[in-house]
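For reference, the structure is listed below as structure tokens.
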Amino acid sequence: MNIHSPRRTLQLVLLLVWSLSAQYAGAHGGVAFEDDLCVINIDFLRAHFTVFQPETRESDEFCEDIPDVSRAVFVMEYLHSLLPEMLVDFRIIRDINDVGKYATLEDVLAIDDLEAATVYYEAPRIEPGGFYTASHEFDIKGTYIGVVTAEHPVEDRYYTAVFYFQVGGADLGTIPLFIALLLLLQTSYWLSNGGWTRYRQRSAQRNKAA
């Protein structure tokens, strides 16, 4: 069998598009869906994570990706008993190196000028009530990386969550290109297997019958 046949190529492209779509739909970084709730994992420490845009989306809740270029309110409801005793800070940086949804702390530390890439920083604070909130007015559509750091209350230990998110609508990346390629290959396969000839024959038969 010729592995470069249109059918084989079509199958490979379908598999690739499905893989990219599945990856895009999956969870990013330290934030994940669990039991229909958005949960952030700060190493072994966990919290419910929600984003609101009260001026444009009222009480709608978002998990990471933010639809509008406007103010966003980030809310963490602590699920671990240690978190209310810990200093927690929150940083938002532009994804200037395009590391995407697989961003790690190493990627953040590799940025030459972290302060220049930072669009928002909330200094460490303790929230004994178990709710941490932060608010930032986004003015540019794009991709960002959030970094949450928690300091152990008595030991010299730090726990971090790094997560990628988008503001102003989802970035589909190269998926539209692959969809266009898929349609092109499908059309090529249809033509090379006599699809156009069969279509003309059926059209001619219908015209005669009419």
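The values are calculated or read from the model by the stated rules, or taken from the named source; none is laboratory data. These figures come from a predicted structure and were not determined experimentally. Quick reminder, even Gly has a Cβ in these numbers, built from the backbone with ideal geometry, and neighbours come from all protein chains shown.
Testing residue 89 on (1) charged (D, E, K, R); (2) closer than 15 Å to residue 45 by Cβ; (3) modelled with pLDDT under 95, one condition comes back false. Which one is that?
(3)
Tell me, yes or no, whether region 58-73 has at least one residue that is under 18 Å from residue 151 (Cβ atoms), surrounded by 16 or more Cβ atoms within 10 Å (Cβ to Cβ), out of contact with any Ser or Thr (no Cβ under 7 Å at 6 or more places or on another chain) and not acidic (Asp, Glu).
Scanning region 58-73, I find no residue that is under 18 Å from residue 151 (Cβ atoms), surrounded by 16 or more Cβ atoms within 10 Å (Cβ to Cβ), out of contact with any Ser or Thr (no Cβ under 7 Å at 6 or more places or on another chain) and not acidic (Asp, Glu), so the answer is no.
Starting from residues that are out of contact with any helix residue (DSSP H, G or I) (no Cβ under 9 Å at 6 or more places or on another chain) and surrounded by fewer than 19 Cβ atoms within 10 Å (Cβ to Cβ), keep the ones in region 78-96 and report whichever is nearest to residue 48 (Cα to Cα).
Here is the first cut: in region 78-96, the residues out of contact with any helix residue (DSSP H, G or I) (no Cβ under 9 Å at 6 or more places or on another chain) are 79-90, 92.
Right, trim to surrounded by fewer than 19 Cβ atoms within 10 Å (Cβ to Cβ) and you get 79-82, 84-85, 87, 89.
Working: 79: 7, 80: 10, 81: 13, 82: 15, 84: 14, 85: 17, 87: 17, 89: 16 Å.
The extreme case among them is 79.
For region 26-108, please list each of the strands (runs of 3 or more DSSP E) lying entirely inside it that holds at least 3 residues being more than 14 Å from the chain's Cα centre (by Cα), closer than 23 Å to residue 158 by Cβ and not aliphatic (A, V, I, L, M).
Where strands (runs of 3 or more DSSP E) fall fully within region 26-108 and carry at least 3 residues being more than 14 Å from the chain's Cα centre (by Cα), closer than 23 Å to residue 158 by Cβ and not aliphatic (A, V, I, L, M), they are 45-52, 71-78, 87-94.
From 99, 147, which residue is modelled with pLDDT of 95 or more, surrounded by 14 or more Cβ atoms within 10 Å (Cβ to Cβ), within 24 Å of residue 74 (Cβ to Cβ) and not polar (S, T, N, Q)?
Result of the check over 99, 147: 147.
Among the residues of region 136-160, which ones are closer than 13 Å to residue 86 by Cβ and part of a strand (DSSP E or B)?
148, 149, 150, 151, 158, 159, 160
Among the numbered conditions (1) in contact (Cβ under 8 Å) with a residue 40 or more places away in the chain; (2) within 21 Å of the chain's Cα centre (by Cα); (3) exposed (fewer than 13 other Cβ atoms within 10 Å of the Cβ), tell me where residue 128 comes up short.
Checking residue 128 against (1) in contact (Cβ under 8 Å) with a residue 40 or more places away in the chain; (2) within 21 Å of the chain's Cα centre (by Cα); (3) exposed (fewer than 13 other Cβ atoms within 10 Å of the Cβ), the one that fails is (2).
Consider residue 166 against the criteria (1) assigned to a loop (DSSP other than H, G, I, E, B); (2) touching a Ser or Thr at 6+ places or on another chain (Cβ under 6 Å); (3) crowded, with 17+ Cβ neighbours inside 10 Å: it satisfies all of them except one. Which criterion is unmet?
Tallying (1) assigned to a loop (DSSP other than H, G, I, E, B); (2) touching a Ser or Thr at 6+ places or on another chain (Cβ under 6 Å); (3) crowded, with 17+ Cβ neighbours inside 10 Å, residue 166 fails exactly one: (1).
Suppose we keep only residues that are in contact with a strand residue (DSSP E or B) (Cβ under 8 Å, 6 or more places away or on another chain) and hydroxyl-bearing (Ser, Thr, Tyr) within region 68-99. Which one would you say is farthest from residue 116 (Cα to Cα)?
78
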